[in-house]
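In what follows, a single structure is set out as structure tokens and then discussed.
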Amino acid sequence: MKKSTYFLFAVVVILLCFIFLFEKKQKTTKEIESSKTKIFIDFLEDVETIERKGFEDLKIEKEGENYFLTFPFKDSADEGAVKGFIEALKGAVAERIIKENIELKKLGLDNPQITVAFKSKDKTKTIKIGNSPPLEKGVYFQTDDKIGVLSDFTLDTIKRSVNDFKSKELCAPLKYENVKKISYYKGNDLVFEFEKINGKWYLSHPFKDLADERKATFYIEDVILWPIMNFEDDSVSEEKANLVNPNEKYEVETNDGNKILIKIGALKDEEKKFYYASVSTRKGIFAVSKNSVRNIDKEAEDFRALAIFSSDINKYESLILSGAEKIVFKNVREKGWIEEKERVKEDQIKTFLFAIENFEGEKKVEKIENLPLFIEISLIKEGDKEEVFFYEDKENLVAEIKSRKIFVSLSKEDSERMKGAVKTIFSQFKENVSH
């Protein structure tokens with residue numbers, strides 16, 4: 001091997017050793033992060049008040065389980081934003097700590113630009129923000145026991161705007177479960193109205209009937225929790241937003257009798273379907289999207305319940321089939337459903353009930369005279385009797401729901417399922433009786 005080759009080999013070995021030793025001395029990201037000092041030690045367990053001064057002064061206070069903005073105005077606060085703010089500063093670390101004695105005036109901490117105080121029942125944690133260091137990024141800060149330099153990222157967190165802390169739910173802090181009644185108007189004309197009675201939603205205008213629970217729940221919940229897409233500034237007046245005499249409005253009545261008025265005004269953005277909105281319990285004008293509310297374009301009739309039976313069949317005490325024969329089923333707690341004289345097997349009863357449960361009509365129809373009766377089903381619960389008469393209309397069945405005074409037609413598929421289930425159970429009943 002030539003001398004030049006030996007020399008090059010030796011150089012490579014020396015370089016590799018140098019790189020290995022250099023890398024070994026470098027701190028990992030985890031080590032660097034752990035070497036930084038948190039700006040707060042033993043942060044508060046339960047923050048009840050946040051007060052910021054020097055940048056968009058604000059005050060947030062906890063009332064019960066919810067946070068509210070109490071300055072510069074009273075409004076519901078966004079729970080996620082408040083808790084995120086607390087957690088961000090609770091875990092914030094200093095870029096460096098200044099250990100030597102230094103005048104606060106030189107750091108701008110004698111008269112800080114921003115002060116944020118977190119308060120619990122008996123403790124307070126405060127951070128003060130001073131000037132920017134001359135030769136590095138960030139700002140000087142002071143907490144109860146530390147002075148140092150804070151990153152620009154943490155400063156941006158401290159300087160979150162007041163709007164960031166406002167609740168993004170239009171009717172906050174109102175919750176869906178606290179709504180008793182909701183009325184929808186176009187102009188001054190009442191279009192439809194929902195009212196909760198004994199835990200179920202009913203349409204009380206333009207007709208009185210049971211509402212489809214799923215559709216009504218989606219609609220009402222979406223109106224109450226309507227996401228705010230934008231908080232409009234003072235340049236948007238009620239006149240400009242057409243909120244003085246709005247195109248649409250909702251009147252919401254709560255369980256404790258309070259009333260809330262939601263106004264939907266002019267179209268702001270046609271592509272996004274953004275509309276100006278206001279609510280009587282909050283200050284300001286907002287932008288909301290109609291895309292956020294399920295079933296928003298439905299008419300009252302679309303919300304009518306088409307369920308054949310008002311409850312789950314298994315919640316009834318008795319079920320009576322009246323046709324060519326009369327069969328009475330009892331719902332016995334220890335055994336489940338049985339035929340009163342045990343002339344039908346349990347598995348046959350289960351198959352029958354499974355076939356007819358959760359029946360829904362296809363559409364509401366007007367009464368049709370002189371249709372032949374196929375079967376009458378009576379359901380009894382706590383002394384109340386619910387009767388449904390099924391009539392044959394060519395291939396389909398039409399159900400007359402006596403308690404609601406309406407007729408609904410079943411689809412061809414459901415009609416065949418009902419016919420098959422009834423004919424099978426009567427056939428099994430006759431066969432078992434004859435034996």
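Read-outs: derived from the displayed coordinates by stated rules, not from any lab. All figures in this text were calculated on a predicted structure; none of them were measured in a lab. Cβ coordinates were reconstructed from backbone atoms using ideal geometry, including for glycine residues, and neighbour counts include every protein chain displayed.
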Listed residue (Tyr275, Pro112, Ile406) projecting farthest to the positive dipole end of the chain, Cβ model: Pro112
Computed over the chain: longest principal axis from alpha-carbon atoms vs helix 346-356 long axis, angle to nearest 10 degrees, is 70 degrees
For the chain, how big is Rg over Rh, using alpha carbon atoms and the Kirkwood form of Rh? 1.23
Radius 9 Å from Cβ of Ile377, net charge of other residues (Lys, Arg +1; Asp, Glu -1): -3
Electrostatic dipole magnitude of the chain [Cβ: Lys, Arg +1; Asp, Glu -1; Cα centre; debye, to 20]: 1760 debye
Note down the magnitude of the dipole of the stretch 289-435 about its Cα centre, charges +1 on Lys and Arg C-beta and -1 on Asp and Glu C-beta and zero elsewhere, to the nearest 20 debye. 180 debye
For Lys364 and Glu239 in one chain, what is 0.36 nm times their gap in residues minus the Cα-Cα distance, to one decimal in nm? 40.8 nm
Peptides ranked, highest mean first, by Cβ atoms within 10 Å: ranges 75-87, 134-146: 75-87, 134-146
What percent does the relative contact order of the stretch 142-251 come to when contacts are Cα pairs within less than 8 Å and at least six residues apart? 28 percent
Residue separation between Ile320 and Leu261 times 0.36 nm, minus their alpha-carbon distance, gives in nm 16.5 nm
Using only the Cα atoms of the stretch 176-303, what are the Rg and Dmax in Å? 14.6, 46
Just how far, in whole angstrom, is the stretch 34-104 from the stretch 220-267 if you go by their alpha carbon centroids? 32 Å
Acute angle (nearest 10 degrees) that the helix 412-434 long axis makes with the longest principal axis of the chain, alpha-carbon atoms: 60 degrees
Kirkwood Rh over alpha-carbon pairs of the stretch 66-149 plugged into Stokes-Einstein at 4 °C, 1.567 mPa s gives a D in µm²/s of 89 µm²/s
Students often forget the sequence filter, so: which lysines lie under 16 Å Cα-Cα from Lys53 once same-chain residues fewer than 8 apart are removed? Lys119, Lys125, Lys128, Lys159
Could you give the nm distance between label points at Asp46 and Glu100, where each point is 7 Å from its Cα heading toward the beta carbon? 4.5 nm
Place a point 7 Å from the Cα of Ala355 in the direction of its beta carbon; the residues of the stretch 274-316 whose amide N falls under 11 Å from it are none
XL table Lys215/Lys430; Lys249/Lys315; Lys208/Lys423; Lys74/Lys99; Lys215/Lys249; Lys290/Lys385; Cα-Cα > 31 Å flagged, in table order, is Lys215/Lys430; Lys249/Lys315; Lys208/Lys423; Lys74/Lys99; Lys290/Lys385
What is the percent of Cα-Cα separations in the stretch 313-434 that go past 26 Å? 19 percent
Treating only the Cβ atoms of Lys and Arg (+1) and Asp and Glu (-1) as charged, compute the dipole magnitude of the stretch 141-212 about its Cα centre; round to the nearest 20 debye. 240 debye
From the cross-link list Lys273/Lys363; Lys273/Lys298; Lys168/Lys273; Lys59/Lys166; Lys90/Lys283, the entries with a Cα-Cα span beyond 20 Å are Lys273/Lys363; Lys90/Lys283
By the scheme Lys and Arg +1, Asp and Glu -1, what is the net charge of all other residues having a beta-carbon under 13 Å from that of Leu267? +1
Helix 3-25 sits off the longest principal axis of the Cα atoms of the chain, rounded to the nearest 10 on a 0 to 90 degree scale, by 70 degrees
Could you check the spin-label model distance between Asp144 and Asn111? Points 7 Å from the Cα along Cα→Cβ, value in nm. 2.8 nm
